[in-house]
Amino acid sequence: MNQEYSQKEENGKERKYQQLQLWLERAMALQTANILFEWDNETLAPKQAGACTAKVQGALALAYQELMTGEEIGKYLELCEQETELSEAEVAILREAKEERKELACIPPKEYRDYQELISESARIWAQARENQDFEAFAPTLEKIIQYQKKFSGYQAKKGQRLYDVMLDHYEKGFSIKKLDEFFQLLKKELVPFLHQIMESKVEILDDFLEGDYPQQEQKKLAEFIAEYVGFDFEKGVLAESAHPFTTNLHNRDVRMTTHYKKRMDSSLFSVIHETGHAIYELGVADELTQTLVGQGASMGMHESQSRFFENIIGRNEAFWEPIYPKLQEMFPKMLGNVSREEFVKAINKVQPGLIRTESDELTYSLHVLVRYELEKQLIEENLDVKELPELWADKYEEYLGVRPKNPAEGVLQDIHWAQGSFGYFPSYALGSAFAAQMAAYMKKNIDFEALLREGELGVIREVLRRHIHQFGKMRDSRRLLRDMTGEDFNPQYYVAYLKEKYGKLYQIEGRS
Ligand code: ZN
């Protein structure tokens, strides 16, 4: 069992570390201010604020970079190397500070500035290209971004390290191309044929009642209710609206999330449960770690594991709805009054292979990620010509999901990630689901998971996650956290088994494992 983590208190002794800490606190404050602006830009900021706010944000980012790469922090980092009695948190903070300095310092400033300019332009070019369904208009910009990304990764690479591995390392330590190839091969081998079986199944699931008369005001009330029910603390967080749902954290007393309200009620409902999962993670980081360089989630993948754990493993489970479905019927009597709980739960689990990743169901989600992983790897490691992307994208969708985009807007242009220079990010989405399934398997062995859901005792489940994952922030990496919690290294078989069990049952597929 895990020990409760707490940092040792020093008794008044003057330490080099405390000097360093003062400088790092300044850097963190600049970072926090910038994050607050980012939040504001997406939610409340007036339309015309853009250009002026960008100036402020640019200055904050520059000040942060100067501080982090500056002499003072460098001097104290060196002095701290000689400290013998550092706590685990302090060692982790030193590690992060050194890494951050290295990353900021190894790129020539002129190149970095040119790249930043390109990136701030590219989002606009991408959005325009997507609107006009015109990939050619975006291709030259994408080509340039890839060239910069490869160059920068080259600066950062250790001897012999592959460029795509450098990029992957930014988002998920311990998951190289080799490890991810194994993971995605397994998903391809197991899930593609399984999806074909489901598509041939005679089981029909109705979900038309999920769209219709769901007034926004009522959806908003539902969002607040469900966030609180799942475990969001409105004393330490807010829920706002934005075009795309996301979660931002300033520290463990201020975590902010957003949602959007659509005609289909399950869009906002599950976005809110998903973002609440992210928020609960950040709210659970230990007080000793918050507002430090290790005061946020361990990695992109680990973060996504928490949001998907709440969204899918909890939120799409029939037991979860047992105590609260009547409340839902009460809120939307016209739409759900005559829909049984069983029908509702089937509808929210309906498998529908589609073209858009962000609208995909639980089962096909990782196949969307598989397409992106394979193409990204080819772009970086095999010099795939950008011009070939739309066709290759369409072919892969047809092969894995059985659907083919008719235009690049519903194909290769749908995600903003590449336009922002985020290569190596996508695999985290699939890893998160797999981490979550491994945690769920562990939990089901140790607590009466379904009974807790049926009784509405989500606090017990949250506490298990807090104790094993949340409290440690970024101090330990995702594989270590998984190992410590489940007694096993990352094992994607749990994910495949979970999906086959759940959807085999729902679609009455013979011989499910
Ligand atoms: Zn997420």
Worksheet entry | Criterion: part of a loop (DSSP other than H, G, I, E, B), modelled with pLDDT of 95 or more, within 16 Å of the ligand (Cβ to nearest atom) and not small (Gly, Ala, Ser) - qualifying residue of Tyr429, Tyr425 | Tyr425
Worksheet item: When region 307-318 is examined, which residues are found to be more than 8 Å from the ligand (Cβ to nearest atom) and among the polar types (S, T, N, Q)?
Response: Asn312, Asn317
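Matching residues to (1) assigned to a loop (DSSP other than H, G, I, E, B); (2) surrounded by 14 or more Cβ atoms within 10 Å (Cβ to Cβ); (3) in contact with a Leu (Cβ under 7 Å, 6 or more places away or on another chain):
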{"residue": "Glu85", "(1), (2), (3)": "yes, no, no"}
{"residue": "Lys98", "(1), (2), (3)": "no, yes, yes"}
{"residue": "Arg101", "(1), (2), (3)": "no, yes, no"}
{"residue": "Ile107", "(1), (2), (3)": "yes, yes, no"}
{"residue": "Arg124", "(1), (2), (3)": "no, no, no"}
{"residue": "Glu136", "(1), (2), (3)": "no, no, no"}
{"residue": "Lys150", "(1), (2), (3)": "no, yes, yes"}
{"residue": "Lys188", "(1), (2), (3)": "no, yes, yes"}
Worksheet entry | Residue that is nearest to Val230 (Cα to Cα) [pool: residues in region 277-306 that are within 16 Å of the ligand (Cβ to nearest atom) and in contact with an Asp or Glu (Cβ under 7 Å, 6 or more places away or on another chain)] | Gly277
Discussion item. Return the residues of region 183-193 that are in contact with a helix residue (DSSP H, G or I) (Cβ under 6 Å, 6 or more places away or on another chain) and aromatic (Phe, Trp, Tyr); say none if nothing qualifies.
Written reply: Phe184
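The values are calculated or read from the model by the stated rules, or taken from the named source; none is laboratory data. On a predicted model such as this, the values are computed, not experimentally measured, just so you know. Cβ coordinates were reconstructed from backbone atoms using ideal geometry, including for glycine residues, and neighbour counts include every protein chain displayed.
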